[in-house]
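Engineer: My structure is below; once you've seen it, I'll send some questions.
The values are calculated or read from the model by the stated rules, or taken from the named source; none is laboratory data. As the structure is a computational prediction, the values presented were derived from the model and not from experiment. Cβ atoms come from the backbone with ideal geometry, glycine included; neighbour counts cover every protein chain shown.
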Amino acid sequence: MPEAHVNSYYAATLNDTTRYPRLEGTVKADVAVVGGGFSGVATALTMAERGYRVALVEEHRVGWGASGRNGGQMIYGLSGESNLVRQLGEPGRHMLREIRYRGHDIIEERIARYGIECDLVRGWMEAAARSKHMAGIREHYEEMCASGHADHIELVERDGIRDVLGTDAYHGGFIDRRSGHLHPLNLCLGEARAAAGHGAMIFEESPATRIEGGAKPFVETAHGRIEAAHVVIGGGAGHPFQRGPLWGLTLPTGSYIICTAPIDEGLARRLNPQSLAVADSNVVLDYFRMTKDRRMLFGGRCNYTNRDPGDLGKTMKPRLVSVFPELRDVAVDYAWGGRIDIVITRIPAVGRLEPNVYYMQGYCGHGVNATHIAAEIVSDAICGTAEKLDLFEKIRHIPMPVGAAGNYLLALGMLYYRMKDML
Ligand SMILES: Cc1cc2nc3c(=O)[nH]c(=O)nc-3n(C[C@H](O)[C@H](O)[C@H](O)COP(=O)(O)OP(=O)(O)OC[C@H]3O[C@@H](n4cnc5c(N)ncnc54)[C@H](O)[C@@H]3O)c2cc1C
């Protein structure tokens, strides 16, 4: 049986059923890419647009991993920004100003250029889950205004929350009109289609089993081999190439989503009149948005032990109802989970294992925008402009014990934050 995407709202509404062949035999390319999520596909498309010969292998199907399962929230910036600035100082602050919205620009340009239908809606909100979180949100709002973003951000105080959301669960928030939400699987498939249109060779059901750099770089699968000048490891959680600086760097962590049956127009307008994507301000956060066909897509409940709960629908529904009691009786049509790649510093890891073997991973649940930023940084480095990659390589990460021990340590750390969230 050919592989299918995980059973989700996204798989049920995908608009591209292209199947790519399995890699058989040897192909030659300038760039070999491992992984058919946003990291790999966005790199393949960028390099193919620039005239490079690209070959990409995906273990399952394009968009099979986190990129085809996520909350679809297109959020500005990177995770771990304050740590990045603390480590890199002014050059880091300057780089962040330059790249913060770069993923949005790339995605929007591609949607327009390649006619990718992925339901992009602008408007994203961080909602204060505790009244004390408003101090940080106000401070962040001021910082964003000072960095030139005043024209597209808004501060919402407690007394204004009912104008933007039909719930009393929040104490205010911060709205960014340049961020928003989209159908991530259709975006990923659309970018793969665009890359193939530029001549990129894409192979599904072709897990890479070996990667080598050096004088004659290659990527090997059970049935084939790509010989290339450069190798890019796109994404990371779970595959077997975590060596050197990647050893113990990212820990796969479960995150889960439910998607309700369509709700009627009046109720949808009451609950989320501006169709905002919303993430709450807790460290262990919940997030939600409306789909194009007026379903509430609600995610959260990170499981840092990396063990999935039994009945996702039952586990997640009470969280949804605690925010929107009016959805108590609405059916849950889909429930699924995926793996977020958590890095202790929260800063995405982008760099080189060898001069011609690149990696990008560890977006900490903040990857729709950030994968596209990382893909461009790596592509620029391959093309000879490595300033940003050099900066990312200066970041000192903290390795964790690999496997279950690492996840239990992380779970323990996050328990502390969860208790803080509750206070
Ligand atoms: C439930 C959930 C909700 C999320 N919500 C959001 C959100 O709302 N907003 C946001 O910005 N981010 C969100 N994220 C995070 C975001 O989805 C990820 O950061 C992003 O998709 C990472 O993309 P990637 O390409 O690096 O990894 P992936 O999409 O996981 O792609 C990696 C690919 O590599 C393939 N692969 C692995 N090993 C091999 C091998 N040996 N050979 C070939 N291929 C291989 C996998 O099959 C996979 O398809 C969420 C994540 C999850 C799980």
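Engineer: Can you tell me which residue within the range 48-68, out of those that are within 15 Å of the ligand (Cβ to nearest atom) and part of a helix (DSSP H, G or I), is surrounded by the most Cβ atoms within 10 Å (Cβ to Cβ)?
Structural biologist: So, considering only residues that are within 15 Å of the ligand (Cβ to nearest atom) and part of a helix (DSSP H, G or I), the one surrounded by the most Cβ atoms within 10 Å (Cβ to Cβ) is SER67.
Engineer: Oh, and also: Say we look at the range 69-98 and pick out the residues that are closer than 20 Å to VAL368 by Cβ and of a type in the set (Asp, Glu); which of these is nearest to the ligand (Cβ to nearest atom)?
Structural biologist: So the residue we want is GLU81.
Engineer: Right, ALA169: more than 16 Å from the ligand (Cβ to nearest atom) and in a helix (DSSP H, G or I) or not? Please lay out each step first, then the result.
Structural biologist: On the way: more than 16 Å from the ligand (Cβ to nearest atom): yes; in a helix (DSSP H, G or I): no.
Criteria not met by ALA169.
Engineer: Out of all the residues in the range 360-369, is one or more touching a helix residue (DSSP H, G or I) at 6+ places or on another chain (Cβ under 8 Å), in a strand (DSSP E or B) and within 11 Å of the ligand (Cβ to nearest atom)?
Structural biologist: Residues of the range 360-369 that are touching a helix residue (DSSP H, G or I) at 6+ places or on another chain (Cβ under 8 Å), as a first pass: 360-361, 363, 367-369.
Narrowing further to those that are in a strand (DSSP E or B): 360-361.
From what's left, within 11 Å of the ligand (Cβ to nearest atom): 360-361.
There is at least one residue in the range 360-369 that is touching a helix residue (DSSP H, G or I) at 6+ places or on another chain (Cβ under 8 Å), in a strand (DSSP E or B) and within 11 Å of the ligand (Cβ to nearest atom).
Engineer: Just one of the numbered conditions (1) out of contact with any Pro (no Cβ under 9 Å at 6 or more places or on another chain); (2) among the β-branched types (Val, Ile, Thr); (3) in a helix (DSSP H, G or I) is not true of ILE373; which one?
Structural biologist: Failed condition: (1).
Engineer: Still on this structure, I have one more. Can you pull out the residues in the range 246-266 that are away from the ligand (no atom under 15 Å from the Cβ), farther than 27 Å from ASP311 by Cα and either crowded, with 16+ Cβ neighbours inside 10 Å or without any contact (Cβ under 8 Å) to a residue 40 or more places away in the chain (or both)?
Structural biologist: Scanning the range 246-266 gives GLY248, GLU265, GLY266.
Engineer: Would it be correct to say that ARG295 is modelled with pLDDT of 95 or more and out of contact with any helix residue (DSSP H, G or I) (no Cβ under 9 Å at 6 or more places or on another chain)?
Structural biologist: In short, no.
Engineer: What's the number of the condition GLY248 fails, among (1) touching a Pro at 6+ places or on another chain (Cβ under 6 Å); (2) in a strand (DSSP E or B)?
Structural biologist: (2)
Engineer: Please verify whether ARG396 is more than 21 Å from the chain's Cα centre (by Cα) and farther than 20 Å from TYR76 by Cβ, treating the condition exactly as stated.
Structural biologist: yes
Engineer: Still on this model: Based on this model, can you work out whether GLU205 counts as of a type in the set (Asp, Glu) and either free of Cβ contacts under 8 Å to residues at least 60 places away in the same chain or under 30 Å from TYR170 (Cα atoms) (or both)? Steps first, please.
Structural biologist: Numbers: of a type in the set (Asp, Glu): yes; either free of Cβ contacts under 8 Å to residues at least 60 places away in the same chain or under 30 Å from TYR170 (Cα atoms) (or both): no.
When the stated conditions are applied, GLU205 does not pass them.
Engineer: Being in a strand (DSSP E or B) and farther than 22 Å from CYS383 by Cβ, is that true of even one residue in the range 262-271? Walk me through it before giving the result.
Structural biologist: Residues of the range 262-271 that are in a strand (DSSP E or B), as a first pass: none.
Among the residues of the range 262-271, not one is in a strand (DSSP E or B) and farther than 22 Å from CYS383 by Cβ, which makes the answer no.
Engineer: Might you let me know whether the range 303-310 holds any residue that is at pLDDT below 95, farther than 26 Å from MET360 by Cα and not in a strand (DSSP E or B)?
Structural biologist: Yes, the conditions are met somewhere in the range 303-310.
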